[in-house]
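Visitor: My questions will all concern the structure given below.
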Amino acid sequence: MSKRVVIFDTTLRDGEQSPGVSLNLQEKLEIAHQLARLGVDVIEAGFPIASPGDFEAVSAVAAQVKGPVIAGLARANRKDIERAAEALRAAEQARIHTFIATSPIHMRHKLRMEPDQVLEAAVEAVKLAKTFTADVEFSAEDAFRSDVEFLCRIFKAVIDAGATTINIPDTVGYATPQEYGAFIKTVINGTPNMDRATVSVHCHNDLGLAVANSLSALENGARQIECTMNGIGERAGNCSLEELVMALYTRKSVYGLDSSINSTEIYRTSRLVSNLTGMLVQPNKAIVGKNAFAHESGIHQDGVLKERTTYEIMNPQMLGIFTNNIVLGKHSGRHAFRERLKELGFELDDEKLGKAFARFKNLADRKSEITDEDLVVLVEDELRAV
Ligand code: KIV
Ligand code: ZN
């Protein structure tokens with residue numbers, strides 16, 4: 001079995017479904033380019049049928065962002081799939097991600113469909129998607145609360161119809177790690193042709209278990225993780241990309257798995273997503289929180305000064321985190337700004353410095369404290385824009 005975990009980022013789709021978040025086209029493109037630099041394998045760019053704005057954003061990401069596979073979400077019906085295919089037309093590598101709910105509660109109350117009708121719709125959807133691209137993902141929404149035998153039957157049928165990735169979501173974040181791992185194993189063993197597809201999981205964080213459940217799924221045969229930067233998403237959010245990836249890296253001896261992520265881009269991506277979505281990262285958030293590498297007590301400070309690894313299991317520099325304690329804010333002048341940039345390794349000519357300074361002042365109006373990481377993101381964006 002492959003030792004490589006496919007990182008499927010859904011910050012622009014499920015992440016954007018966070019209450020209160022709405023990104024414009026330019027912001028989505030900026031995030032998508034950064035996700036490509038981060039090294040994700042798949043970018044789910046949006047849900048093209050959902051709105052003209054979503055369609056436009058998926059089309060633009062498909063046309064402009066090279067490297068990762070670009071995915072578009074579609075319900076299991078003709079209109080959604082044709083719209084997704086149209087939006088993805090310019091992609092280097094396109095994936096249509098089609099889904100339908102399979103749990104009794106969703107089939108009865110939401111879809112008002114019988115299981116056999118759901119199965120037929122799923123198969124037809126995959127067959128249609130297959131006429132547009134070889135890369136087709138099928139998701140059984142609310143899979144964890146579905147009947148296992150029905151799930152295996154539908155998965156077998158959609159793989160026969162051409163699905164290349166099978167996603168088994170815990171849509172409402174109900175599972176616990178041991179239970180979810182066992183469930184994934186049962187589904188894999190109960191689907192005779194599952195070896196022809198990549199098994200994916202998509203965990204929500206309603207009980208704070210999305211990362212733990214995703215890791216447990218990997219131990220039981222899953223090889224694609226659907227996740228978002230900073231763990232943003234519907235309700236309590238999705239599996240956090242940075243936590244999952246760094247758990248795999250830091251505990252390689254436990255999992256024995258690799259990802260394609262360039263860890264030094266993690267902090268920058270986190271800051272960009274937070275700044276553009278307006279969703280603040282809690283200070284004690286693992287990996288990217290302000291306090292994740294801060295040491296408060298005398299004993300800890302003493303230990304870290306003598307040897308960093310006494311209290312740090314990861315090197316912050318690996319995540320692209322630079323440490324300093326100079327605070328820049330809206331009252332800071334151009335001189336302090338230039339000096340700080342120099343310390344961070346940026347020598348800008350007067351024109352570029354002027355533009356970067358204007359962006360800094362705009363940001364400072366919205367954010368009381370500008371960190372070094374904010375400055376790096378801001379200056380690199382300015383340099384790229386030239
Ligand atoms: O949570 C979920 O089940 C989803 C699907 C569309 C994959 O977001
Ligand atoms: Zn979801």
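Visitor: Specify the residue that is farthest from Arg223 (Cα to Cα); the eligible residues are those in segment 135-190 that are touching a helix residue (DSSP H, G or I) at 6+ places or on another chain (Cβ under 6 Å) and of a type in the set (Asp, Glu).
Guide: Asp142
Visitor: Pick from segment 176-207 the residues that are within 16 Å of ligand 2 (Cβ to nearest atom) and not acidic (Asp, Glu): which of them is surrounded by the most Cβ atoms within 10 Å (Cβ to Cβ)? Show your work before the answer.
Guide: Step one: filter segment 176-207 for residues within 16 Å of ligand 2 (Cβ to nearest atom), giving 180, 200-207.
Checking the rest, the ones that are also not acidic (Asp, Glu) come to 180, 200-205, 207.
Details: Tyr180: 25, Ser200: 23, Val201: 31, His202: 27, Cys203: 29, His204: 25, Asn205: 23, Leu207: 15.
Out of the qualifying residues, it is Val201.
Visitor: Contact list please: Cβ distance under 6 Å, first residue in segment 197-226 and away from ligand 1 (no atom under 14 Å from the Cβ), second residue among the polar types (S, T, N, Q) and not in a strand (DSSP E or B), pairs at least six apart or on different chains.
Guide: If the second residue must be among the polar types (S, T, N, Q) and not in a strand (DSSP E or B), the pairs left are Ala197/Thr164; Arg223/Ser2.
Visitor: Does segment 272-286 contain at least one residue that is more than 16 Å from ligand 2 (Cβ to nearest atom) and at positive phi?
Guide: yes
Visitor: Give the residue that is nearest to ligand 2 (Cβ to nearest atom), with candidates limited to residues of segment 225-245 that are assigned to a helix (DSSP H, G or I) and crowded, with 23+ Cβ neighbours inside 10 Å.
Guide: First, pick out the residues of segment 225-245 that are assigned to a helix (DSSP H, G or I): 229-231, 241-245.
Still in the list and also crowded, with 23+ Cβ neighbours inside 10 Å: 229-231, 241-242, 244-245.
On the way: Met229: 15, Asn230: 15, Gly231: 12, Leu241: 14, Glu242: 18, Leu244: 15, Val245: 19 Å.
Filtering segment 225-245 for residues that are assigned to a helix (DSSP H, G or I) and crowded, with 23+ Cβ neighbours inside 10 Å, the one nearest to ligand 2 (Cβ to nearest atom) comes out as Gly231.
Visitor: Still on this structure, I have one more. Those residues that are among the charged types (D, E, K, R) and surrounded by 20 or more Cβ atoms within 10 Å (Cβ to Cβ), I need them from segment 18-29; list them, please.
Guide: Matches in segment 18-29: Lys28 only.
Visitor: Output the helices (runs of 4 or more DSSP H) that fall wholly within segment 145-224 and possess 1 or more residues being modelled with pLDDT of 95 or more and in contact with a Pro (Cβ under 8 Å, 6 or more places away or on another chain), or say none. Quick ask: steps written out before the conclusion?
Guide: Working: elements: 148-160, 177-190, 210-219.
Qualifying helices (runs of 4 or more DSSP H): 148-160, 210-219.
Visitor: If you go through segment 246-257, how many residues are part of a loop (DSSP other than H, G, I, E, B) and either in contact (Cβ under 8 Å) with a residue 60 or more places away in the chain or within 15 Å of ligand 1 (Cβ to nearest atom) (or both)? Please lay out each step first, then the result.
Guide: Let us first name the residues in segment 246-257 that are part of a loop (DSSP other than H, G, I, E, B), namely 251, 256-257.
Subsequent filtering for residues that are either in contact (Cβ under 8 Å) with a residue 60 or more places away in the chain or within 15 Å of ligand 1 (Cβ to nearest atom) (or both) retains 256-257.
The number of residues fulfilling the criteria is 2.
Visitor: Select from segment 338-368 the residues that are within 26 Å of the chain's Cα centre (by Cα) and of a type outside the set (A, V, I, L, M) and write down the one among them that is nearest to Leu280 (Cα to Cα).
Guide: Step one: list which residues in segment 338-368 are within 26 Å of the chain's Cα centre (by Cα), which gives 363, 366-367.
Right, trim to of a type outside the set (A, V, I, L, M) and you get 366-367.
Details: Arg366: 12, Lys367: 11 Å.
Per the stated criteria, the residue is Lys367.
Visitor: Does segment 333-368 hold any residues that are modelled with pLDDT under 85 and touching a strand residue (DSSP E or B) at 6+ places or on another chain (Cβ under 8 Å), and which are they?
Guide: Ala336, Arg340
Visitor: How about segment 127-143: which of its residues are under 25 Å from the mean Cα position of the chain (by Cα), touching a residue at least 40 places away in the same chain (Cβ under 8 Å) and either crowded, with 24+ Cβ neighbours inside 10 Å or in a helix (DSSP H, G or I) (or both)?
Guide: Of segment 127-143, the ones under 25 Å from the mean Cα position of the chain (by Cα) are 129-130, 132-143.
Narrowing the set further to residues that are touching a residue at least 40 places away in the same chain (Cβ under 8 Å) leaves 129, 132-133, 135-143.
Of everything in segment 127-143, those that are under 25 Å from the mean Cα position of the chain (by Cα), touching a residue at least 40 places away in the same chain (Cβ under 8 Å) and either crowded, with 24+ Cβ neighbours inside 10 Å or in a helix (DSSP H, G or I) (or both) turn out to be Ala129, Val136, Glu137, Phe138, Ser139, Ala140, Ala143.
Visitor: Say we look at segment 113-139 and pick out the residues that are acidic (Asp, Glu) and touching a strand residue (DSSP E or B) at 6+ places or on another chain (Cβ under 7 Å); which of these is nearest to Ser200 (Cα to Cα)? If you could, list the steps in order and put the result at the bottom.
Guide: Step one: filter segment 113-139 for residues acidic (Asp, Glu), giving 114, 116, 120, 124, 135, 137.
Retained after the next criterion (residues that are touching a strand residue (DSSP E or B) at 6+ places or on another chain (Cβ under 7 Å)): 135, 137.
Numbers: Asp135: 14, Glu137: 9 Å.
So, considering only residues that are acidic (Asp, Glu) and touching a strand residue (DSSP E or B) at 6+ places or on another chain (Cβ under 7 Å), the one nearest to Ser200 (Cα to Cα) is Glu137.
Visitor: Next up: Picking from Ala32, Ala74, Ala57, which residue would you name as being farther than 22 Å from Ala222 by Cα, touching a residue at least 24 places away in the same chain (Cβ under 8 Å), touching a His at 6+ places or on another chain (Cβ under 8 Å) and not aromatic (Phe, Trp, Tyr)? Write out each step before concluding.
Guide: Values: Ala32 fails: touching a His at 6+ places or on another chain (Cβ under 8 Å); Ala57 fails: touching a His at 6+ places or on another chain (Cβ under 8 Å).
Of the residues listed, the single one that is farther than 22 Å from Ala222 by Cα, touching a residue at least 24 places away in the same chain (Cβ under 8 Å), touching a His at 6+ places or on another chain (Cβ under 8 Å) and not aromatic (Phe, Trp, Tyr) is Ala74.
The values are calculated or read from the model by the stated rules, or taken from the named source; none is laboratory data. Note that the structure is predicted; figures quoted are calculated from it, not measured. For neighbour counting, all protein chains shown are included, and Cβ atoms are generated from backbone atoms with ideal geometry for every residue, glycine included.
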